[in-house]
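Here is the structure we will look at.
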Amino acid sequence: MTHPLRLAPGPVDLSALSTEETPDFDGGKSEGKEELAELGPELADLQEKLFAEGRSGGRRSVLLVLQGMDTSGKGGTVRHTMGLVDPQGVSITAFGPPTAEELEHDFLWRIEQQLPEPGRIGVFDRSHYEDVLIGRVRALAGPEEIERRYEAINDFEARVAASGTTIVKCLLHISAAEQKERLAKRLDRPDKHWKFQPGDIDDRSLWPAFQEAYEIALERTNTEAAPWYVVPADRKWYRNLAVARLLVDTLREMDLAWPEADFDVAEQQRRLRDADPLG
């Protein structure tokens with residue numbers, strides 16, 4: 001059965017995809033928060049099994065890619081979902097503008113450095129998709145280079161998936177009206193001013209161009225190895241629940257199990273009984 005948030009193959013029209021519906025969930029905000037809390041123990045248990053597998057020679061990992069317009073809630077999603085698991089099994093990378101060193105390499109070079117190690121869940125708050133989104137809208141690279149990058153991304157993600165990393169790509173889909181409201185709240189509250197950048201309004205003026213860039217990127221990189229999920233993000237509580245559900249479903253499908261002991265358990269139990277430091 002196809003996941004209700006999984007993007008269908010073919011051309012993408014973001015204006016036809018809801019930003020406020022709650023697919024596959026009939027409850028409201030309180031019920032959504034309750035279910036998220038109830039998912040916590042299972043998500044933590046599955047993450048610990050993955051971590052234990054990695055410590056025991058396993059090669060599998062999970063990469064959660066979060067993309068979305070400003071205020072879509074990438075950071076909030078990380079706090080409310082990854083906050084449910086042991087932080088030692090999680091690596092979170094927030095990609096900003098490339099450094100001088102990074103600009104000396106291909107755009108995927110810095111991404112490769114941050115891929116999750118075996119046994120870990122890696123989270124990209126923004127990602128290599130910035131290079132075909134803002135790169136396209138702001139003309140930071142020429143048309144031929146942008147075109148090359150789509151296939152480079154597909155090849156890269158196929159290789160990463162083949163190496164044992166399950167990739168979960170989520171577009172946090174927010175409406176222009178909701179973004180305006182969230183930006184206004186940031187300006188109204190002194191404790192939120194640090195989250196506001198004047199450039200956010202500059203980017204907002206380019207909303208149609210960004211939507212087109214997203215549509216092209218989604219269509220061109222929606223593959224079997226790394227499919228896209230479009231998460232309605234106007235309702236923060238649903239956004240968090242939807243991503244947590246995706247992670248739980250992904251980990252369940254991995255059929256994780258606790259690694260078998262590489263020692264004689266009974267013998268170690270006997271030794272523990274006999275090893276009394278107090279005599």
- List the helices (runs of 4 or more DSSP H) that sit entirely inside region 162-279 and contain at least 1 residues that are closer than 30 Å to residue 56 by Cβ and touching a residue at least 24 places away in the same chain (Cβ under 8 Å). 236-253
- Out of (1) at pLDDT 95 or above; (2) over 22 Å from the mean Cα position of the chain (by Cα), what's the single condition that is false for residue 237? (2)
- Residues of region 211-234 being surrounded by 19 or more Cβ atoms within 10 Å (Cβ to Cβ) and more than 18 Å from the chain's Cα centre (by Cα), in sequence order, are 213
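Here is a check on your reading of the model: is residue 66 closer than 25 Å to residue 198 by Cβ, open to solvent by 80 Å² or more (accessible area, probe 1.4 Å) and of a type in the set (A, V, I, L, M, F, W, C)? Outline the logic, then answer.
Values: closer than 25 Å to residue 198 by Cβ: yes; open to solvent by 80 Å² or more (accessible area, probe 1.4 Å): no; of a type in the set (A, V, I, L, M, F, W, C): yes.
Criteria not met by residue 66.
Let's see how each residue does on (1) crowded, with 16+ Cβ neighbours inside 10 Å; (2) in contact with a strand residue (DSSP E or B) (Cβ under 6 Å, 6 or more places away or on another chain):
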{"site": "82", "(1), (2)": "yes, yes"}
{"site": "104", "(1), (2)": "no, no"}
{"site": "107", "(1), (2)": "yes, no"}
{"site": "126", "(1), (2)": "yes, no"}
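The values are calculated or read from the model by the stated rules, or taken from the named source; none is laboratory data. Only a predicted model underlies this, so the values are computations on that prediction, with no experimental measurement involved. All Cβ positions, even for glycine, are placed from backbone atoms using ideal geometry, and neighbour counts span all protein chains on display. Note: areas computed on protein heavy atoms with side chains; ligands, DNA, RNA excluded. Shrake-Rupley method; radii C 1.70, N 1.55, O 1.52, S 1.80 Å.
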